[in-house]
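Here the structure is laid out as structure tokens; the discussion comes afterwards.
No lab work stands behind these numbers, since they all come straight from the coordinates. Computed from a predicted model, the values in this text were never measured in an experiment. For neighbour counting, all protein chains shown are included, and Cβ atoms are generated from backbone atoms with ideal geometry for every residue, glycine included.
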Amino acid sequence: MTTKTNPKKIDNLILESVEKVVAQNINKIVRDIKTEKSENEESESEEEENEKRIIKKDNCLTEIINGDSLEVLDKLERKYNLIYLDPPYDTGRVFQISHKNKLGFKDTWKDNEYSRWLDNLIEKCVKVLKNKGSLFFHISAEGSFPAEIVLSKYFSHIEKIFWKRCHGKNTVRNKLGAVIDIIFKCSNSKKSKFNLLRIPLGKTTWAFKNKDSRGNYSLGGLRHDRTRKGNKYTIERNGQIYDAPNGWKITKEKMEKLIQDDRIHFVNTKKSKNLYKKLYEHEHKGKPLSNLWDDVHSITRSSKDPRLYPTQKPIKLLQRIIELTTDENDWILDPVAGAGTTGHACAELKRNCTLIDKNRDSFEIMIKRIENLNL
Ligand SMILES: C[S@@+](CC[C@H](N)C(=O)[O-])C[C@H]1O[C@@H](n2cnc3c(N)ncnc32)[C@H](O)[C@@H]1O
């Protein structure tokens with residue numbers, strides 16, 4: 001026996017089922033949205049937990065944040081002219097300031113964890129770096145290889161600075177003493193900000209052994225070598241002709257002016273007839289800074305730059321990096337700030353700065369250090 005079903009009834013049944021499914025799905029979507037929202041709210045409240053202190057000195061700000069940089073960097077809203085990173089170097093050591101005092105940080109990592117962490121950190125740093133900004137990455141020469149690989153993934157322009165952090169080590173017996181740190185200067189623009197710095201001339205590099213009434217001077221060559229074309233002319237003096245086979249580096253007018261001003265040194269011997277520019281010691285602006293920095297000394301127990309934290313870097317080193325690539329009122333970031341040496345140098349040089357460290361002790365040291373600065 002077959003029962004005859006009313007088609008209208010079937011339609012109603014179908015409609016009811018569809019409504020039921022739609023309602024269930026809507027409920028599920030609403031539930032999902034609610035859960036997602038409360039998870040976000042939780043992480044937002046976690047975000048707020050990063051303790052932060054802002055100190056104003058001489059119209060410049062130092063922002064000090066206690067937290068893991070991998071999280072904090074995502075929340076930063078400004079872009080920086082310079083980022084200085086002196087992270088743990090993957091030494092497998094635990095650094096503490098003394099045998100009794102555990103103040104410091106752990107530098108122990110599992111397998112490839114270090115390279116992954118570094119990659120994450122640099123990727124996040126690049127996002128908050130200005131187009132013409134620079135990132136300086138500090139590492140021991142021994143540990144520099146993995147860092148160079150990561151950095152070359154994110155930067156098109158990389159220069160190496162060799163910092164001779166100490167003289168030889170007496171304790172080394174079966175290997176070469178490690179005295180060099182490498183500081184990678186990285187950017188993504190040919191036109192990144194750069195201020196040429198000069199350092200005083202070392203007596204050993206320049207011999208100012210000549211002397212006249214103005215003072216001691218060394219000799220600056222004026223003849224071009226074979227690889228360039230110079231200014232062709234001769235100079236006559238006391239019946240002697242002075243010539244340059246490949247030309248002179250300066251024009252005849254300039255040469256005559258220098259001769260009149262007694263700034264040209266004449267060599268007239270049997271072997272040589274030549275002209276040199278007198279380079280006076282008291283007028284010298286210093287030599288342009290090279291990529292070998294051997295005039296900045298590490299922090300020692302006795303130094304004027306007091307030691308507040310293990311692996312702390314000297315203020316002079318940070319001053320140099322900051323002056324080289326930023327101007328007054330620029331913003332600088334140090335995401336692994338330790339004792340806040342970057343902040344100290346920034347405040348003295350009238351730059352604004354953000355310092356981050358996950359170590360609570362470091363947060364307190366930095367606040368005290370910046371607050372106590374007498375500017
Ligand atoms: C070599 S120290 C920096 C020293 C600093 N340049 C100075 O002059 O005092 C490295 C610092 O990185 C911090 N650090 C390591 N991992 C971090 C992370 N994920 N987020 C924030 N800080 C971190 C450590 O707590 C340590 O203080």
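Some points to look at:
- Entries in Lys153/Lys185; Lys124/Lys193; Lys100/Lys164; Lys169/Lys313 that, when Cα-Cα distance is taken, lie over 26 Å: Lys100/Lys164
- For segment 111-159, the share of alpha carbon pairs falling in successive 10 Å distance bins from zero is 23, 59, 17, 1 percent.
- Long-range tail of P(r) for segment 273-356 (Cα pairs > 14 Å, %): 70 percent
- The overall shape of segment 58-133 is oblate: from the C-alpha gyration tensor, with semi-axes ordered a ≥ b ≥ c, the ratio a/c is 1.5 or greater and a/b is no larger than b/c.
- Other residues within the sphere of radius under 12 Å centred on the Cβ of Glu328, judged by their own Cβ, net out at -3 (K and R +1, D and E -1).
- Fraction of antiparallel bridges per DSSP, the chain only, in percent to nearest 5: 70 percent
- Across all directions, the average flat footprint of the convex hull enclosing the Cα atoms of the chain is 38.9 nm².
- Most fluctuating residue given options Gln96, Gln312, Gln260, as computed from a GNM of the chain linking Cα atoms under 10 Å: Gln260
- Near the amide H of Tyr80, within less than 5 Å, lie the amide hydrogens of Leu129, Lys130, all on another chain or at least 5 residues away, with H placed in the peptide plane.
- Around the Cα centre of segment 85-212, unit charges on the Cβ atoms of Lys, Arg, Asp and Glu (plus for the first two, minus for the last two) sum to a dipole of about 540 debye.
- Span from the segment 238-261 Cα centroid across to the segment 349-370 one, whole angstrom: 58 Å
- Given charges at Cβ of Lys, Arg, Asp, Glu: segment 230-375 dipole, positive-most of Thr251, Gly239, Pro335: Gly239
- Comparing Arg223, Arg93, Arg301 in a Gaussian network model of the chain (Cα springs below 10 Å), the most mobile by mean-square fluctuation is Arg223.
- Cα long-axis angle, helix 113-127 against the chain (0 to 90 degrees, to the nearest 10): 80 degrees
- Among Lys211, Lys304, Lys57: highest mean-square fluctuation, GNM of the chain, C-alpha pairs under 10 Å: Lys211
- Proximal charge balance of Asp90 [Cβ under 15 Å; K/R count +1, D/E count -1]: -4
- Cα gyration tensor shape for segment 65-223, rounded if a/c is under 1.5, else prolate or oblate: oblate
- By the beta carbon rule, with partners counted only under 4.7 Å, the chain holds these lone Cys residues: Cys60, Cys125, Cys166, Cys186.
- Amide H within-cut-off set for Asn210, under 5 Å, with H built and near neighbours excluded: Tyr217
- For segment 164-222, size of Cβ-based charge dipole, Lys and Arg +1, Asp and Glu -1, in debye: 180 debye
- Highest-first arrangement of 176-186, 328-338, 103-113, where packing means the average Cβ count within 10 Å: 328-338, 176-186, 103-113
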